[in-house]
Each structure stands twice: as structure tokens, then as C-alpha cells.
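First the structure, in the form of C-alpha cells, and then the observations on it.
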Amino acid sequence: MIVSDSTPLIYLAKLGHLQLLQDLFSEVRVSTEVMKEIARGKQQGFGDATTIENAASGGWLKVIGLSAAQRRRLSKLRHMFTDISEADASSLVLAKDLKVPLCVDDHRAVRVAEMLKLKHIGTLGIILLSVKRKSMRRDQAEGLILSLPEHGFYIGPDLLSEFLKQLRMT
């Protein structure tokens with residue numbers, strides 16, 4: 001099981017590979033705050049939002065409402081780290097409480113995850129793990145990564161170089 005923030009869901013859906021999360025983790029949990037972000041995307045006409053909603057309807061992507069205690073921790077977290085969104089904070093709280101890794105790309109949320117000693121993985125890590133577990137071929141993974149900027153996902157040259165190096169070693 002893993003908790004996911006919205007960004008990895010969105011980009012994996014845009015790539016047509018949202019199911020990688022199910023293949024790797026069986027069950028993925030998201031907060032209602034994350035699904036609100038997805039719903040806003042659907043209202044703006046983004047097709048990836050429908051793909052994500054279908055995964056939730058399919059049962060492997062489970063939407064979890066936060067308890068009152070979790071909401072208090074979310075508020076505290078947002079007060080301490082004003083640069084993270086409500087969806088990011090809710091994902092951090094949920095992952096911490098469930099004691100599971102967090103799938104997240106936002107560098108600010110990653111920084112908070114590390115401070116909370118949460119294991120985390122991002123979209124690039126999901127694709128790399130898929131190759132390691134033989135769910136995807138190396139050349140297919142490279143093609144996906146190189147196409148991410150076309151979908152609005154920024155990958156700095158150093159990160160891209162490091163990813164391709166790790167991919168070749170897999």
C-alpha cells in the first residue's frame with residue numbers, strides 16, 4: 001500500500017500508465033483533498049482526471065476522508081510549512097498515520113516528508129521501479145520520461161541525466 005499525492009496520479013494518467021501504481025502497490029490511498037484537486041482538473045477539461053476517477057471507482061484507488069485529529073495535524077503542518085498545499089499536507093498526514101510510503105513529486109512536500117522521516121517516491125521513481133520489477137521495458141521507460149515535459153512535467157537536466165544513468169544500470 002502507498003498514499004499518493006495528486007501530481008504522480010496526474011502525470012501517470014497523462015502517460016497512460018496510472019495502473020503502474022496498482023501493479024506495484026496493489027492498493028493506493030488518496031485523501032479527499034487530493035480528489036478535490038483532481039475534480040478541479042476535470043472541471044477544466046483534463047482527461048487524466050477522468051482516468052483517475054475511474055481508478056477510484058475500480059476500487060484499487062481508495063479515497064480516505066481525514067478524521068478530526070488528522071485535520072488538526074493537517075492544520076498544524078500547513079501552519080509550520082506555509083508553502084505546501086492542503087492536498088500535500090493531507091497526503092503527508094495520511095502516509096504518516098498509515099505508516100506507508102508517500103508518492104509525491106512536489107519538492108516542498110518531499111522536503112517535509114523527509115523531515116517527518118517518511119519514505120517517498122515520485123513519478124520518476126515509480127517508472128524506474130516498474131523497470132526493476134519487470135513491469136516495463138527499459139526503452140519504454142526512457143520514452144515515457146522523455147515525453148513528460150510535453151505534458152508539463154519539468155525535469156531538470158541533472159535529474160534527467162541521473163535517471164537515465166540509473167535506468168541503464170537496471
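What follows is calculated from the coordinates using simple rules that are stated; it is not laboratory data. Remember, it's a predicted structure, so these values are computed and weren't measured experimentally. Using ideal geometry, Cβ is built from the backbone for each residue, glycine included, and neighbour counts are taken over all protein chains shown.
Between amide H atoms placed 1.01 Å from N, distances below 5 Å from Val63 occur with Val30, all of them 5 or more places distant or on a separate chain. Summarised in one figure, the compactness ratio Rg/Rh of the chain, Cα atoms and Kirkwood Rh, is 0.95.
Computed over all pairs of different Cα atoms, the Kirkwood value for the hydrodynamic radius of the stretch 1-89 is 13.5 Å.
Here the stretch 1-117 is assigned +1 on the Cβ of each Lys and Arg and -1 on the Cβ of each Asp and Glu. Its dipole about the Cα centre then comes out at about 460 debye. The protection proxy used here, the mean number of other Cβ atoms lying within 10 Å of each residue, ranks peptides 154-164, 46-56 as follows, highest first: 46-56, 154-164. The lysine pair count for the chain, using Cα distances under 23 Å and pairs eight or more places apart or on different chains, is 25. You can think of it this way: the chain between Leu116 and Lys36 has 26.4 nm of extra reach, that is 0.36 nm per residue less the Cα-Cα gap.
For the stretch 164-170, backbone phi angles converted through the Karplus equation (6.51, -1.76, 1.60; θ = phi - 60°) give residue-by-residue couplings of 4, 5, 5, 5, 5, 7, 7 Hz, Gly and Pro being listed as x. Taking all Cα pairs closer than 8 Å and separated by 6 or more residues, the relative contact order of the stretch 51-170 comes to 15 percent.
What the phi angles of the stretch 74-80 give under the Karplus curve with 6.51, -1.76 and 1.60, with θ = phi - 60°, is a coupling list of 4, 4, 4, 4, 5, 5, 6 Hz, glycine and proline written as x.
Name the longest site-free stretch of the chain, where the excluded sites are trypsin sites (Lys or Arg not before Pro) in a DSSP loop with no more than 10 other beta-carbon atoms within 10 Å. Counting only loop sites that pass the neighbour cut-off, the longest clear stretch is 1-98.
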